[in-house]
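Inspection log for the structure reproduced underneath, given as structure tokens.
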Amino acid sequence: MIRLHTVSPISDIAAAPSQSSYPPPADFAAQANSGPELYQAAEADRLGFWAQQANELSWAKPFTEVLDYSQAPFARWFADGRLNVAYNCVDRHVEAGNGDRVAIHWEGEPVGDCRSITYAELLADVSRAANALTALGLTAGDRVAIYLPMIPEAVIAMLACARLGVLHTVVFAGFSAHALRSRIDDAQAKVVITSDGQYRRGAAAALKPAVDEALSTGGTQESVQHVLVVRRTGSDVAWTPDRDLWWHDVVGAAEPEHACEAFEAEQPLFLLYTSGTTGKPKGIVHTSGGYLTQAAYTHRCVFDLKPATDVFWCTADIGWVTGHTYAVYGPLANGTTEVIYEGTPEYPDQHRHFQIIEKYGVTIYYTAPTLIRTFMKWGREVPDAQDLSSLRLLGSVGEPINPEAWRWYRRVIGADAVPVVDTWWQTETGAAMICPLPGVAAAKPGSAMAPLPGISARIVDDHGDLIAPNDPCAEPVTGYLVIDEPWPAMARGIWGDDQRFIDTYWSRFAEQGWYFAGDGARYDADGDIWVLGRIDDVMNVSGHRISTAEVESALVGHDAVAEAAVVGAIDEQTGQRICAFVVLAASHSEVGGTIIDELRQRVTVEISPIAKPRNVHVVPELPKTRSGKIMRRLLRDIADGRELGDTSTLVDPSVFDAIRAAD
Ligand code: PRX
């Protein structure tokens, strides 16, 4: 079957006894938003079920058709309905009398720098920003790049774009000028919203210079008319007159009322660039009605959200899809009070997250396994020093969670009592797809359990045949995870490249019309799903998706490098670590000891510090097949310190002796 080559630390999955499951406490199940009947309702009438979820939103014009899949794989959901996404996330809560409810408890990194924003205040802020963006000439369909730290203006900017039918493309503020430029260029953004700087680990770091650099050449210079700059750190910034504008001047002076227009349900809402198996990031397109329906529905049922009493905290940055769906659209569509934190978990010390939970009485906490493993390393005395008794639900996302981390999370952070939901999904799926319902499932540590009501997924073999649940006595059988029915929040394409969308996701099982997620998975004896990680050339480092090709292309861009191959090696802490093998150009074969640092630095500059290879091995040659393909599988064996797999297709198997000797 499939040979998994990018598996996170899941060594204890196979050993996890199937009886180690954690049913919801009876009092939790009794009050839960969603019970087993949700599965039955979706099973009985899937499209009717989604129509019902969509009708939880406020539609300016109700839809009559649920799904049009005649142009598969380009779906249209609720297509004849009209709505405004920002109205649904803000105005309607104020109109319902909840204007005084806090929407966002914002916690800056410097201790004491915080702000709580009510829904009424958020409405005024979003309206001002929408008026300001309109005054800058933006109209529906235009693109705005948002390159901001986790400050309230980031959320306000996203919602202001949504309000105008303008697409935002948020670029993680940890990305380099080079990465920002390629995204602005591909999206042909007219406006960039950024800040002078951001606080990271107690220091003010500049941000605007990266925008200036990104805009210093060709394509971006032509498309970008204005840069709107939020003053965050107060540091000096270079200024391009006419192009650069201060947020507080332009937005601050705008009217706090804005009458919003309703758009078609299929109005594009945002682009979000993500790594694929080639060097060029893909602009994943999401639209309005279907995306918001699934974002709100999953937020309500997976997190058992009670808007009047819960305080929800998703720790993801808005630069990633998790930040879009569960730090902005899902929670706000549901009228939630949420926490947004600007900084790192260890500033000023390791207690910060737990202090924030205590300070705001966080009831639902959603984070990534990497951070949970970091907490484990720090030791339980850190969380134990704070009162975490407000927590009633914990969530995990972004990478497979190893059972040991799952159990620790529940035992130490969750007082050995609260449900833990492991949520599997992707940038392309838009919202959660496979995960337990907390009031229903007897969750198993490490398993994403089952497709949510309304979602249909299966694990299949090379031929598309369903893999049967594992016989507990047999070797686990791993297959491809596919989604076999369209879903409302599914990507509507890759920006400007329909064919790439089809080729990337829909060609592997074209005959069946299934979406191939790129992940390997298996069923256990009960038929529950265990997602094992990527089986393509995409790495997952601390829950961040990075393509091997992207890192390779940064490396071969260095004069000294003739060839490069990058693989993800297993790492206890970060899931995977990036491991590069480079062959130096003949002219540089005598290059001294600085080359490795130079190469790591080059990747930082070209992409981001998160893509910097942990190890760079200078080797005499790369293992290749007769057709010239680099055999990454074997390099992964080396990186993981495993016995080499099958080397029979190599041109020259002795290359490995040379690689090992070079190490
Ligand atoms: O490999 C899967 C892994 O993250 C990939 C999607 O990455 P991205 O688009 O950046 O979105 C991350 C946040 C939704 C998937 O293909 N992944 C995500 N969540 C899980 C996971 N792997 C296992 N278990 C999860 N819960």
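Structure data summary
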| read-out | value |
| --- | --- |
| Test: A510 is without any contact (Cβ under 8 Å) to a residue 24 or more places away in the chain and either basic (K, R) or more than 16 Å from the ligand (Cβ to nearest atom) (or both) | yes |
| Residue in the stretch 394-408 that is at positive phi and either over 15 Å from the mean Cα position of the chain (by Cα) or part of a strand (DSSP E or B) (or both) present | no |
| Close pairs (9 angstrom Cβ cut-off, 6 or more residues apart or separate chains): in the same structural domain as V583 (by TED's automatic domain parsing) and in a helix (DSSP H, G or I) in the stretch 644-663, modelled with pLDDT under 70 and among the hydrophobic types (A, V, I, L, M, F, W, C) anywhere | F656/L650 |
| Among residues of the stretch 409-455, those that are in a loop (DSSP other than H, G, I, E, B), within 16 Å of the ligand (Cβ to nearest atom) and touching a Lys or Arg at 6+ places or on another chain (Cβ under 7 Å), counted | 1 |
| Positions within the stretch 2-49 being under 27 Å from the mean Cα position of the chain (by Cα), at pLDDT 95 or above and charged (D, E, K, R), in sequence order | R46 |
| Condition check for S116: in a strand (DSSP E or B) and surrounded by fewer than 23 Cβ atoms within 10 Å (Cβ to Cβ) | yes |
| Count - residues of the stretch 278-297 that are in contact with a Phe, Trp or Tyr (Cβ under 7 Å, 6 or more places away or on another chain) and basic (K, R) | 1 |
| Listing of strands (runs of 3 or more DSSP E) fully contained in the stretch 523-571 that carry 1 or more residues being open to solvent by 20 Å² or more (accessible area, probe 1.4 Å), away from the ligand (no atom under 16 Å from the Cβ) and modelled with pLDDT of 90 or more | none |
| Selected residue (only one of R632, R642, R636, R602 is basic (K, R) and open to solvent by less than 20 Å² (accessible area, probe 1.4 Å)) | R636 |
| Residue among F63, F49, F28 that is open to solvent by less than 70 Å² (accessible area, probe 1.4 Å), among the aromatic types (F, W, Y) and within 20 Å of L393 (Cβ to Cβ) | F28 |
| Boolean, S195 is more than 20 Å from the chain's Cα centre (by Cα) and surrounded by fewer than 21 Cβ atoms within 10 Å (Cβ to Cβ) | no |
| Residue match in the stretch 285-308 (condition: outside any helix (DSSP H, G or I), touching an Asp or Glu at 6+ places or on another chain (Cβ under 8 Å) and closer than 25 Å to A132 by Cβ) | yes |
| Residue in the stretch 374-383 that is outside any helix (DSSP H, G or I) and either surrounded by 21 or more Cβ atoms within 10 Å (Cβ to Cβ) or within 16 Å of the ligand (Cβ to nearest atom) (or both) present | no |
| Residues being in a helix (DSSP H, G or I), of a type outside the set (A, V, I, L, M), within 17 Å of H226 (Cα to Cα) and open to solvent by 10 Å² or more (accessible area, probe 1.4 Å) - total across the stretch 129-180 | 3 |
| Filter result (acidic (D, E) and either in contact (Cβ under 8 Å) with a residue 40 or more places away in the chain or surrounded by 22 or more Cβ atoms within 10 Å (Cβ to Cβ) (or both)) within the stretch 334-363 | E338, E342, E346 |
| Filter pass, P331 being open to solvent by less than 10 Å² (accessible area, probe 1.4 Å), free of Cβ contacts under 8 Å to residues at least 40 places away in the same chain and either in contact with a Ser or Thr (Cβ under 9 Å, 6 or more places away or on another chain) or within 16 Å of the ligand (Cβ to nearest atom) (or both) | yes |
| E399, sole failed condition from (1) within 15 Å of the ligand (Cβ to nearest atom); (2) open to solvent by 10 Å² or more (accessible area, probe 1.4 Å); (3) within 25 Å of N33 (Cα to Cα) | (3) |
| Unique residue being farther than 27 Å from R632 by Cβ, buried (at least 21 other Cβ atoms within 10 Å of the Cβ) and in contact with a Leu (Cβ under 6 Å, 6 or more places away or on another chain) when the list is P488, P453, P445 | P453 |
| Meets criteria (closer than 23 Å to E342 by Cβ and buried (at least 17 other Cβ atoms within 10 Å of the Cβ)) for A265 | no |
| Only listed residue being touching a strand residue (DSSP E or B) at 6+ places or on another chain (Cβ under 6 Å), open to solvent by less than 10 Å² (accessible area, probe 1.4 Å), assigned by TED's automatic domain parsing to the domain that holds V285 and part of a helix (DSSP H, G or I), chosen from Y366, Y326 | Y326 |
| Every pair of residues 6+ apart whose Cβ atoms lie under 7 Å, when the first sits in the stretch 303-322 and is farther than 12 Å from E338 by Cα while the second is away from the ligand (no atom under 11 Å from the Cβ) and among the basic types (K, R) | none |
| Residue match in the stretch 456-466 (condition: under 24 Å from A296 (Cα atoms), in contact (Cβ under 8 Å) with a residue 24 or more places away in the chain, open to solvent by less than 10 Å² (accessible area, probe 1.4 Å) and within 14 Å of the ligand (Cβ to nearest atom)) | no |
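Residues are listed down the side, and each one gets a yes or a no for (1) in a helix (DSSP H, G or I); (2) assigned by TED's automatic domain parsing to the domain that holds C314; (3) in contact with a Leu (Cβ under 9 Å, 6 or more places away or on another chain):
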position	(1), (2), (3)
E65	no, yes, no
V94	yes, yes, yes
G97	yes, yes, no
I104	no, yes, yes
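The values are calculated or read from the model by the stated rules, or taken from the named source; none is laboratory data. Quick caveat: nothing in here was measured; it's all calculated off a predicted structure. Cβ atoms come from the backbone with ideal geometry, glycine included; neighbour counts cover every protein chain shown. Areas reflect the complete protein model, heavy atoms only, side chains present, ligands, DNA and RNA absent. Shrake-Rupley method; radii C 1.70, N 1.55, O 1.52, S 1.80 Å.
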